[in-house]
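Read the figures in this text as sums done on the coordinates, not as results from a lab. Note that the structure is a prediction, hence the values are computed from the model and not measured. Cβ sites come from the backbone with ideal geometry, for glycine too, and all protein chains shown count toward neighbours.
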Ligand SMILES: Nc1ncnc2c1ncn2[C@@H]1O[C@H](COP(=O)(O)OP(=O)(O)O)[C@@H](O)[C@H]1O
Ligand SMILES: [Mg+2]
């Protein structure tokens, strides 16, 4: 049978698509690792945003990029931030 | 005042030397004065690819160390008026030259030539640092394969940390038959991943092997697609707007096939 999708190289599992997906994933890690500043910048910005709402120890914050498995051979990348909370800040006080 | 281009890739064997030689020859053919600088110290190749290996007397290190004048080390190509080679030293260490010395050398060459093309060694160590030190612009060569594209991405990052922010991409050894089968990443896929501008696409072409056997740039081979592609790249470097060759443009082929089968836009 004539397989149209395969013929046009659009099939998901064509080897070039596998190559592309693998590359995308590996480059997320490569790029984050090449520049340690990258994670520091993200960390700084997250701190800025959440410090209005939470109290935490900056030194305890752990931010990293990891692989997560979604299916048997389906991986994606995730930015994981572990921020132990000391206390919630009271919010909404001055909002009225 | 000339412009200094460094031709890089990260991974070895993807076509830096071939690209440097052919873009250089094509630029010279169009009337520019061009010097090709082999920065692959200890593993020089540009001389044999150009067929100039028997005419070398002095090399880059001799110039840098003051053992000869720049003019004495430049090998003139007799086939392409205006094309010169500054060979790498074959028996010296990469540390024999420093980034600062390369910068000074490039500045000196810029005063005499329209284009200075630096053939960068593989890797990301001292040889890379030397090769990029004096460059104004960078060309990244890759083949559409996973390991080469990954290394190209790394190189793009390193170029940026060396103040070379907008490198342009040459996709080499594209095989249109494999692209059509979906077994090779096409132009779009590769650009999508690397996110830099495209300078040109060079098909896989056995004429490159044949012309390299002879020590001739492939641009001199009639009807060579790779030769045509390199000539187009040289034109784009000079600022001409040259469309991508029909054969190496994947999407146009897909469009043609779709049209052939009556699908998609007419
Ligand atoms: N477009 C092409 N088609 C066929 N062979 C090629 C092509 N480009 C390069 N090659 C071959 O690939 C090999 C490596 O090329 P080279 O230019 O020496 O790479 P590099 O300088 O990056 O190590 C050589 O044998 C060369 O002839
Ligand atoms: Mg080489």
Legend entry - residue A:60-residue A:32 FRET efficiency (beta carbon distance; Förster radius 22 Å; 0.05 resolution): 0.60
Legend entry - Virtual spin-label span in nm between residue A:70 and residue B:92, 7 Å along Cα→Cβ: 5.4 nm
Legend entry - Label-point gap, in nm, between residue B:163 and residue B:54 - each point 7 angstrom along Cα→Cβ: 4.4 nm
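Using DSSP, restrict attention to beta bridges with both residues in the protein assembly as shown and report what percent are antiparallel, rounded to the nearest 5. Each step should come with its number before you reach the end.
On the way: 14 of 42 bridges.
Among the beta bridges of the protein assembly as shown, antiparallel pairing accounts for roughly 35 percent.
What value, in deg cm²/dmol to 500, does the helix sum -39500 (n - 2.57) over DSSP H runs of n ≥ 4 give at 222 nm once divided by the residues of chain B? Show your work: numbers first, answer last.
Details: 12 runs with 112 residues, N = 266.
So the calculated ellipticity at 222 nm is -12000 deg cm²/dmol.
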Inset, instruction - Assuming R0 = 35 Å, can you tell me the calculated FRET efficiency for the pair residue B:124 and residue A:91, based on Cβ-Cβ distance, to the nearest 0.05? - result: 0.15
Inset, instruction - For helix B:99-110, report the angle its Cα long axis makes with the longest principal axis of the Cα atoms of chain B; keep it between 0 and 90° and round to the nearest 10°. - result: 80 degrees
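If you count, for every residue in A:15-28, the Cβ atoms of partner chains within 10 Å of its Cβ, what is the mean? Could you put the intermediate results ahead of the total?
Details: counts 6, 12, 3, 2, 10, 10, 0, 2, 12, 2, 0, 4, 8, 0.
Per-residue shielding by partner chains comes out at 5.
Which order do the peptides A:23-32, B:28-37 take when ranked by the mean count of other beta-carbon atoms within 10 Å per residue, highest first?
Values: A:23-32: 16.2, B:28-37: 21.7.
Order by mean packing, descending: B:28-37, A:23-32.
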Inset, instruction - Let me know the mean shielding of B:179-188 by other chains, meaning the per-residue number of their Cβ atoms within 10 Å of its Cβ. - result: 5
Legend entry - Residue among B:71, B:16, B:235 with the largest mean-square fluctuation in a Gaussian network model of chain B, springs linking Cα atoms under 10 Å: B:71
Inset, instruction - Compute the distance in nm between two label points, each set 7 Å from the Cα along the Cα-to-Cβ direction, one at residue B:104 and one at residue B:177. - result: 5.3 nm
Inset, instruction - Could you work out how far helix B:225-237 tilts from the main Cα principal axis of chain B, as a 0 to 90 degree angle to the nearest 10? - result: 70 degrees
